[in-house]
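Every number in this text was worked out from the coordinates using simple rules, so none of it is lab data. As the structure is a prediction and not an experimental result, all values here were calculated from the model. In this analysis, Cβ positions are derived from the backbone assuming ideal geometry, glycine residues included, and neighbour counts consider all displayed protein chains.
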């Protein structure tokens, strides 16, 4: 096992490993919203329809992936501290609720502008692929917002759970007041946009497919959404299969090939490489997340060994491919896929923007969506087959459903077998198979925020240690699982309903 020492620093975009230039993934276009009079301009504005921020910082530090190493170590940013303590954020930067809210609604506005222009240009055949992309971007922006600012969708409570405003047209006047609606309404509208989009995006061709909702990325999004929706698990299976195929082993991420990388930047560039078959959609974001890794609130060696990449999987074995991990003073551990990429905009002053490129959709995650859907349909052998594809690619052997279920039956409820609280009764085998897929996704999505969404979806109760004080507990249905709306939004005219506290 390789453990490399890490000095927290930034990586300049001038370094290139598999990405030809910063333009490949920091592609920006001038605002052309006032003159969308041809297909090329519609295409161009859709670059702005992808959110420029992503909630990985808050999601990660709110999750059970992190622990408090004590005040021997310097404190990180206020947003990290607020997130770890599940406090309403006061900070207002790119990674804060304010930044996320503005980024998502800005992207939605661009999608709506494109859709309006497509209608005005006659909704021609040439424009259909852009219409599909715009619908998917609009759906995705609202999907992100709902997973940030709302409680998880639950069909038993969705009619009364606060949603977020679903915007379907460009704003024509200043100061429009929107209602939050319910999660049921939000998910119905996301569903409608996705279903309209999928036939239009079929066989879509883009110059750089990984930075657009290409066909496979579109189906991966549809699979994830329908898994969260819980209305039709056959759709999840069908859509995930469109994204990864029936036998996905060749398109899953092969981390054994990353052993040749010796620095964080090499590892990161390998992870977000446009030629990596596991990557389906990459989102370039403006974020200081790369600077958030610290020694005070950190992924500790204990968590790594008991719950994350060095924890045991069925057969009592560890995942062999996670043998290169970076650490700082043996108190903070990192799988180096989220190094900061710094875009210099002023060569003299050496100033610019910090970026993180987010693998928003991957084949590995889509496969785990399919496995979870099989489990929820009680098709355990098919689920075991999908989990085994993931196991084998991570360096361990395949397992039957009985072997997988038996392993998690004996796992600790303090680590990777936390009680599930969804209002649904699962039988013993189903429960243990769900623990298996949640464990795999927790490892797969480390540093990306996926664990937080599973904590919400499955009503997991988690504990954060507080140095010098009693631990704090986030209960199954704790309202703090819905991040509070930005202060500016709550203070604006219209009396937007805040999340309960």
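Helix content alone sets the calculated 222 nm mean residue ellipticity of the chain: runs of n ≥ 4 DSSP H residues at -39500 (n - 2.57) each, divided across all residues, give -12000 deg cm²/dmol. Among 78-84, 317-323, 379-385, the peptide with the highest mean count of other Cβ atoms within 10 Å heads the list, and the full ranking is 78-84, 379-385, 317-323.
For region 346-501, the spread of Cα coordinates along the three principal axes comes to 55, 44, 39 Å, biggest extent given first. Relative contact order for the chain: 21 percent, from Cα pairs under 8 Å spaced at least 6 residues apart, divided by residue count.
When only alpha carbons are used to place a centre, region 246-292 and region 134-166 end up 28 Å from one another.
Relative contact order, percent, of region 331-476 when contacts are C-alpha pairs under 8 Å separated by at least 6 residues? Let's see the in-between values first.
On the way: 158 pairs, mean separation 25.1, N = 146.
In percent, rounded to a whole number, it is 17.
When 166, 289 are arranged by Cβ crowding within 10 Å, least crowded first, meaning fewest neighbours, the order is 166, 289.
Panel order for 309, 331, by other beta carbons found within 10 Å of each beta carbon, from fewest to most: 331, 309.
Each of 174, 392 was scored by other Cβ atoms within 10 Å of its Cβ. Arranged with the fewest first, they read 174, 392.
Please state, rounded to one decimal and in Å, the Kirkwood hydrodynamic radius that the chain gives when every pair of distinct Cα atoms enters the mean of 1/r. All intermediate terms of the calculation are to be shown ahead of the outcome.
Numbers: mean 1/r = 0.0432 Å⁻¹.
Final number for the Kirkwood radius of the chain is 23.1 Å.
Relative contact order of region 33-91, taken over Cα pairs closer than 8 Å and 6 or more residues apart, is 27 percent. The label-point distance for residue 178 and residue 406, in a model that sets each label 7 Å from Cα toward Cβ, rounds to 5.3 nm. If one computes the Cα centroid of region 392-419 and of region 170-238, what distance in Å separates the two points? For region 392-419 versus region 170-238, the Cα centre distance is 32 Å.
With N residues in region 336-438, what two-decimal value do you get for its Cα radius of gyration over 2.2 N^0.38 Å? Can you show the working numbers first?
Numbers: Rg = 19.6 Å, N = 103, 2.2 N^0.38 = 12.8 Å.
The value comes to 1.53.
Its alpha carbons give region 385-471 an Rg and a Dmax of 14.3, 46 Å. With only Cα atoms counted, region 270-406 has Rg and Dmax values of 18.4, 62 Å.
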